[in-house]
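Working notes, beginning with the structure itself.
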Amino acid sequence: MNAVFCFDGTCNEPSDVDDVFYNSSISNIVKTHIFCGGDLINTSHTFEQQKSFYYAGIGTYGNWLSQVFNTMFAPEYADLESIYNQAYNDYLTLTGDDHIFIFGFSRGAAIARRFASKLTEHGRKITFLGVYDTVASIGMPDLSAHTQPASDVVFENNSVSPLIQQAVHLVAIDERRIAFQPLLMAPGANVKEVWFAGVHADIGGGFWHDGLADICLSYMLEEAKRFGLQVLELHQVDYSKLSENEVSIGSDDIAIFPQIDGPLHQKARTGFMSSKTLNPRQVRVDCLEDCMPLVHYSVVERFQAIADYRPIALRNKPFQLLLPNGERSGMIFGIEGMREYSVL
């Protein structure tokens with residue numbers, strides 16, 4: 001039996017599907033839950049040998065004041081604790097031989113990693129941990145461009161447990177908000193951390209025009225399928241189970257259509273707000289050695305297809321490409337290094 005745990009990002013929930021006129025929609029976490037056979041209230045499962053549990057993101061619970069407070073500060077004792085406890089209670093319903101798959105986005109990725117860490121501390125093996133752009137902002141946001149996410153959510157002792165068979169972390173190259181610094185994974189034989197074109201929500205989803213996020217979702221699902229995750233085709237989804245409390249999700253809302261030239265949803269800021277809250281990300285590896293970050297080949301394809309796409313975070317940085325065949329390229333240096341490179 002597979003058990004799938006899906007932790008959504010801040011303010012993300014299935015009702016986002018109704019915001020398409022504002023170019024908002026459901027995240028890759030909602031889509032993952034649906035493709036894994038889950039419904040909107042965690043009561044029925046399409047697969048006989050797979051259960052999927054979904055948890056809406058921090059900032060979606062309680063009254064509007066509670067939602068605003070949790071969205072801004074995400075204190076340990078509020079939504080975060082409630083989500084974690086709900087997931088742990090669902091975990092206690094499982095048998096000891098279930099294969100566990102855990103997915104998360106944004107702060108939901110931080111909860112997913114904490115959840116995985118706690119299970120492994122008790123000797124529980126985890127088949128697959130897949131997270132999108134982990135943001136560990138718990139409590140007051142850190143607006144220093146010179147610090148890395150630190151003690152609030154470093155729950156893995158700076159390494160991924162060997163009891164996790166495979167951990168995959170997809171990270172945004174083009175996010176510039178300092179408060180959204182990613183919590184990277186320390187490298188290891190069971191860790192694959194890959195950088196993709198886009199900002200935070202272009203990785204984990206949440207826009208109606210989600211061609212970049214679909215690149216990430218497609219990659220993540222293919223990786224998880226290699227470890228036994230069961231994934232429905234679009235026509236196999238039971239849409240009658242995706243209507244609840246005035247929320248109705250259809251095939252157009254979950255269809256996966258990767259686009260290297262999809263819109264990059266960078267939010268404009270000017271003046272004081274720009275200088276104090278924005279800074280290019282450090283595309284790097286969380287290790288002391290001379291490690292090179294791994295960049296998905298779709299970044300080169302986007303660079304070569306769109307004249308004004310110049311990912312400043314790669315400026316004068318050495319990196320490797322993750323090629324279509326799964327192999328790593330040799331070293332590429334900076335933006336100019338992508339100009340003549342062919343991924344074919």
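The values are calculated or read from the model by the stated rules, or taken from the named source; none is laboratory data. What you see is a predicted model, and the numbers here were worked out from it, not measured in a lab. Cβ sites come from the backbone with ideal geometry, for glycine too, and all protein chains shown count toward neighbours.
Does any residue of region 262-278 turn out to be at pLDDT 95 or above, out of contact with any Lys or Arg (no Cβ under 6 Å at 6 or more places or on another chain) and small (Gly, Ala, Ser)?
So far as region 262-278 goes, yes, one or more of its residues are at pLDDT 95 or above, out of contact with any Lys or Arg (no Cβ under 6 Å at 6 or more places or on another chain) and small (Gly, Ala, Ser).
Can you confirm whether region 281-296 contains a residue that is within 18 Å of GLN259 (Cβ to Cβ) and among the acidic types (Asp, Glu)?
No, region 281-296 has no match at all.
Would it be correct to say that VAL231 is surrounded by 14 or more Cβ atoms within 10 Å (Cβ to Cβ) and touching a helix residue (DSSP H, G or I) at 6+ places or on another chain (Cβ under 6 Å)?
In short, yes.
Could you look through region 173-196, keep only residues that are of a type in the set (A, V, I, L, M) and in contact with a Pro (Cβ under 7 Å, 6 or more places away or on another chain), and pick out the one that is nearest to LEU314 (Cα to Cα)?
ILE173
Taking only region 120-159 into account, find how many residues are at pLDDT below 95, over 19 Å from PRO187 (Cβ atoms) and buried (at least 18 other Cβ atoms within 10 Å of the Cβ).
3
Do any residues in region 186-204 that are within 13 Å of THR134 (Cα to Cα) have Cβ atoms under 6 Å from those of residues that are β-branched (Val, Ile, Thr) and part of a loop (DSSP other than H, G, I, E, B), where the two are at least six apart or on different chains, and which pairs are they?
That search, which allows pairs on different chains as well, returns TRP195/ILE173; TRP195/VAL283.
Only residues that are touching a Phe, Trp or Tyr at 6+ places or on another chain (Cβ under 6 Å) and among the charged types (D, E, K, R): list them for region 280-313, please.
Residue satisfying the conditions is ARG302 alone.
Could you check region 84-136 and list, in sequence order, the residues that are in contact with a helix residue (DSSP H, G or I) (Cβ under 9 Å, 6 or more places away or on another chain), free of Cβ contacts under 8 Å to residues at least 60 places away in the same chain and not in a helix (DSSP H, G or I)?
Hits for region 84-136 are ARG124, LYS125, ILE126, LEU129, VAL131, THR134, ALA136.
Out of all the residues in region 90-119, which are at pLDDT below 95, surrounded by 15 or more Cβ atoms within 10 Å (Cβ to Cβ) and of a type in the set (Asp, Glu)?
ASP98
I'm trying to understand the selection: among the residues of region 286-333, which are touching a residue at least 12 places away in the same chain (Cβ under 8 Å), over 25 Å from the mean Cα position of the chain (by Cα) and either crowded, with 17+ Cβ neighbours inside 10 Å or in a loop (DSSP other than H, G, I, E, B) (or both)?
ASN316, MET331, ILE332, listed by residue number.
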